[in-house]
Amino acid sequence: KLVRGHRRESALFTLVELQDLRAHQRTFEGAYWRTALAAFSSGLLILKVFTREFYKIGITFFVFGIAMLAIALWRRRTSFDVFDHSIPYKTSGDWVILTTVVTMATYIVFLVLLWKL
């Protein structure tokens with residue numbers, strides 16, 4: 001993939017573009033990865049501390065973490081065209097909807113599992 005006619009790895013960015021790139025990385029990589037790590041940690045805590053009745057809840061946390069990592073990787077691979085001015089700017093509404101659907105599905109599974117306890 002090219003950025004202003006150069007390979008993405010060798011493109012020279014201005015200071016403003018570097019600042020934007022770092023902000024995108026904090027958002028795309030940082031927030032999603034932190035959420036996934038928190039879900040993995042919660043799942044591990046539940047699996048280690050609680051009894052077998054809670055294992056499904058711990059596994060649900062792991063599945064949620066994997067889903068958040070998948071969203072982060074997918075978003076990172078498809079969102080590097082921020083410096084290509086020939087492509088019109090598009091908001092991240094689709095990603096917000098996808099993340100909301102995954103989170104709401106996880107909460108519904110949590111509620112059902114807790115209800116069955």
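The values are calculated or read from the model by the stated rules, or taken from the named source; none is laboratory data. Bear in mind that the values here come from a model prediction, so they are computed numbers and not experimental data. With ideal geometry, Cβ positions are generated from the backbone for all residues, glycine too; neighbour counts draw on all protein chains shown.
What the table below lists for this structure:
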{"item": "Looking only at the range 61-100, and only at residues there that are at pLDDT 90 or above and among the aromatic types (Phe, Trp, Tyr), the one that is surrounded by the fewest Cβ atoms within 10 Å (Cβ to Cβ)", "result": "PHE62"}
{"item": "Matching residues in the range 101-117 - criterion: being under 16 Å from ILE57 (Cβ atoms) and surrounded by 15 or more Cβ atoms within 10 Å (Cβ to Cβ)", "result": "THR106, VAL109, PHE110, LEU113"}
{"item": "Of all residues making up the range 11-25, the number that are surrounded by 12 or more Cβ atoms within 10 Å (Cβ to Cβ) and in a loop (DSSP other than H, G, I, E, B)", "result": "2"}
{"item": "Yes/no for THR91 being under 17 Å from ALA31 (Cβ atoms) and assigned to a loop (DSSP other than H, G, I, E, B)", "result": "yes"}
